[in-house]
1. Can you pull out every residue in the stretch 64-122 that is basic (Lys, Arg), touching a residue at least 12 places away in the same chain (Cβ under 8 Å) and under 15 Å from Glu52 (Cα atoms)?
2. Which condition number does Cys164 fail, the rest of (1) in the same structural domain as Thr352 (by TED's automatic domain parsing); (2) more than 22 Å from the chain's Cα centre (by Cα) being met?
3. Considering only residues that are part of a loop (DSSP other than H, G, I, E, B) and of a type in the set (Asp, Glu), look in the stretch 160-189 and name the one that is surrounded by the fewest Cβ atoms within 10 Å (Cβ to Cβ).
4. So, Ala207, is that one aliphatic (A, V, I, L, M) and loosely packed, with under 15 Cβ neighbours inside 10 Å or not?
5. Here is a list: Pro195, Pro199. Which entry is modelled with pLDDT of 95 or more, more than 16 Å from the ligand (Cβ to nearest atom), closer than 22 Å to Pro33 by Cβ and not acidic (Asp, Glu)?
6. Here are some conditions: (1) in contact (Cβ under 8 Å) with a residue 40 or more places away in the chain; (2) outside any strand (DSSP E or B). Asp289 meets all but one. Which one does it not meet?
Amino acid sequence: MNERLAVVGGGVIGLSAAREAARAGWTVTVYDPAPGSGASRVAGGMLAPVTEAWPGEEDLLALGLDSVARWPEFAETLSADAGTDAGLQPDGTVVVATGAGDRDELTALAAYLKTLGRPVESLTGRELRRREPALGPDVRGGIAVPGDPSVDNRLLLAALRRACERAGVLFDERAVTAVHDDGARVTGVSLAGEPAAVPADAVVIAAGAWSSALHPALDGLIRPVKGEILRLTRRAGALPPPSRTVRALVDGRPVYCVPRNAPGHDLVVGATTAENGFDTTVTVGGVRDLLRDAERILPGIAEYELTETAAGLRPGSRDNLPLIGRIGPEGLIAATGHGRNGMLLVPVTAATVGALLGGGVVPEVARAADPQRFVAAGSGAAVSGAGAPAPALLSQEGN
Ligand SMILES: Cc1cc2nc3c(=O)[nH]c(=O)nc-3n(C[C@H](O)[C@H](O)[C@H](O)COP(=O)(O)OP(=O)(O)OC[C@H]3O[C@@H](n4cnc5c(N)ncnc54)[C@H](O)[C@@H]3O)c2cc1C
């Protein structure tokens, strides 16, 4: 096979799709003016299907559980292909609460997880501090959840880029301005500053929060959801960070702290959630809220250095499920709308795009993410809808 594939977007989703396509025999070019600079660069990196679980989002939970189960093998083969560490950190997650209302919320989460048959261990504050001595006295109780690991998003980006290059994927640092079709199938892409379109036999749109603008079939289906996040570095003499991811509710506000093994960034603290269009300003209030709440949980971080503040745009979909599959003209594939779970869903997304391009079988669990759910039968028009309600709970605002 020597068919040409254009992948629009070089975040974790575009890069992992490009790698799969190259392995399936496609001649692949990734177009991105700033590869690895989007949400994938700022993400916390939790792989948290269980502590993200929420009633009404069972399809997302199933997709996340499938993907998290794929992660160890995905990371192993990626590390081998790239010759660098893919960044998987296998330690689990504790979810902790401060006030009585926060504890009630965790009790509800634990009860829900039990109905799903997930193992959950309820712990007192003292028991939690025995496991994670960095937790402070304001932590009154919580739950330990096995199986929600994390990934260092920047190691992952670097490994994906390297593995793509080794697989022969080409990189073109020009923005795609339009995806063309002849009414039946895609014909190519237009590039910024380039008068003639570049031909392509298939196109994967993986441009994160910017995906909707690239083809009318995606119009209005993806929106930017801003998140601010901090990176802290432990200074000499300061308490070590926790060994696991700590998610917390502090007087009703969710915050998380993800330990990293990377030099210069020992702890990632996130994340705010706001819908302000494509604004990526880091605000004083966002930084203040994250530091205040993280310090309630891990008092020792007051001695850490604040090494980075950043904001990114999660690609939000209407129902919080991603769009992975064929949409619009023949040859057009969407791999976008991963919202707060893009890191988690990398392996299942890559497997699905790989199956669509390589003639394999799409994982059954990924059928819920088929973009056809937004397309009115026969009309080809996107179905409008109010979408998911504004998130308000721990599981909904975490990443
Ligand atoms: C603060 C924050 C914390 C998060 N924490 C987590 C977490 O803990 N766990 C988790 O699973 N997920 C998390 N996420 C979500 C996750 O980061 C995203 O779902 C994921 O990175 C989406 O990847 P992507 O490749 O689709 O998009 P992006 O990484 O945004 O990449 C899109 C790329 O497309 C490029 N692009 C845009 N327009 C064009 C164009 N016209 N032509 C060519 N290229 C274009 C951009 O330059 C960019 O590089 C978090 C997100 C944020 C913002």
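1. Taking the stretch 64-122 as the starting set, the residues that turn out to be basic (Lys, Arg) are 70, 103, 114, 118.
Right, trim to touching a residue at least 12 places away in the same chain (Cβ under 8 Å) and you get 70, 103, 118.
Passing the criteria: only Arg118.
2. Status for Cys164: all satisfied but (2).
3. Going through the stretch 160-189, the residues part of a loop (DSSP other than H, G, I, E, B) turn out to be 167-169, 173-175, 182-184.
From what's left, of a type in the set (Asp, Glu): 173, 182.
Working: Glu173: 12, Asp182: 10.
Only one residue fits best here, namely Asp182.
4. Working: aliphatic (A, V, I, L, M): yes; loosely packed, with under 15 Cβ neighbours inside 10 Å: no.
Considered against the rule, which asks whether it is aliphatic (A, V, I, L, M) and loosely packed, with under 15 Cβ neighbours inside 10 Å, Ala207 comes out as no.
5. Details: Pro195 fails: modelled with pLDDT of 95 or more.
Going through Pro195, Pro199 in turn, the sole match is Pro199.
6. The single condition Asp289 does not satisfy is (1).
This table checks each residue for (1) hydroxyl-bearing (Ser, Thr, Tyr); (2) away from the ligand (no atom under 16 Å from the Cβ).
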| position | (1), (2) |
| --- | --- |
| Leu267 | no, no |
| Thr273 | yes, no |
| Val287 | no, no |
| Arg296 | no, yes |
| Ala311 | no, no |
| Asp319 | no, no |
| Pro347 | no, no |
| Ala355 | no, yes |
| Gly360 | no, yes |
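The values are calculated or read from the model by the stated rules, or taken from the named source; none is laboratory data. All of these numbers come straight from a predicted model, not from anything done at the bench. Reconstructed Cβ throughout: ideal geometry from the backbone, glycine too, with neighbour counts over all protein chains shown.
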